[in-house]
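Data first, discussion second: the structure below is written as structure tokens.
The values are calculated or read from the model by the stated rules, or taken from the named source; none is laboratory data. All of these numbers come straight from a predicted model, not from anything done at the bench. FYI the Cβ positions are ideal-geometry reconstructions off the backbone, even for glycines, and counts take in every protein chain you see.
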Amino acid sequence: MPDLDGVLRLMHRALKPGGRFATAVWAAADKVPMCGLARDAIRQITGIAPPPNAPDPTKLADTSILERALVAAGFRDVTIERLIVTFEFPSAEGFADFRSQVGGTRAMLARMPADVSRQVRDAVVTSAGAFAGPDGMVKFSNETICFGARA
């Protein structure tokens, strides 16, 4: 979100006094394997790292950033709670298919030559295999951070 402070000020103004605001963000990348595996595979195979200003699903993992922005926008009674969200996929291949169709991974893969894209997919399948159970089902436990506040 390019203008976090501006968006939160608008949300605060849109709520009635005492109205509630809630949102969730992802924790640090090492606690959200579902997001990190594809990014790591792309970096490993191509050497390409996302630019510093690229959208990043873990950008607000430092809770002080959003907490400070909420208070600055006029919110009060800010609460923060960490939860584990588990995503399940039928196989490592199923996970790789999913990741190749969403977000920055899809955009990156679309710009790669087919052979490099295949290498990245194979690396994602291999990495996801570490999260597979005996039945082949892949389960990722990902940490999310929930914020609540009052206007």
### Query
Restricting attention to region 62-93, and to residues there that are surrounded by fewer than 16 Cβ atoms within 10 Å (Cβ to Cβ) and part of a helix (DSSP H, G or I), which single residue is nearest to the chain's Cα centre (by Cα)?
THR63
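Yes/no matrix, rows are residues, columns are (1) at pLDDT 95 or above; (2) more than 28 Å from ILE65 (Cα to Cα):
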| position | (1), (2) |
| --- | --- |
| PHE87 | yes, no |
| ALA96 | no, yes |
| GLY103 | no, no |
| GLN119 | no, yes |
| GLY129 | yes, yes |
| ASP135 | yes, yes |
### Task
Scan region 60-82 and report the pairs whose first residue is without any contact (Cβ under 8 Å) to a residue 12 or more places away in the chain and whose second residue is assigned to a strand (DSSP E or B), with Cβ atoms within less than 9 Å and a gap of 6+ or a chain change.
VAL71/VAL78; VAL71/ALA149
#### Entry: So ILE45, is it more than 19 Å from PHE131 (Cα to Cα), β-branched (Val, Ile, Thr), surrounded by 12 or more Cβ atoms within 10 Å (Cβ to Cβ) and touching a helix residue (DSSP H, G or I) at 6+ places or on another chain (Cβ under 6 Å)
yes
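For the subset of region 23-42 comprising residues that are of a type outside the set (Phe, Trp, Tyr) and part of a strand (DSSP E or B), which member is surrounded by the most Cβ atoms within 10 Å (Cβ to Cβ)?
Restricting attention to region 23-42, the residues satisfying the condition of being of a type outside the set (Phe, Trp, Tyr) are 23-25, 27-42.
Restricting the remaining residues to those that are part of a strand (DSSP E or B) gives 23-25.
Working: THR23: 14, ALA24: 13, VAL25: 17.
Top of the filtered list is VAL25.
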### Summary
For ALA92, the lone unmet condition from (1) under 30 Å from HIS12 (Cα atoms); (2) in contact with a strand residue (DSSP E or B) (Cβ under 9 Å, 6 or more places away or on another chain) is (1)
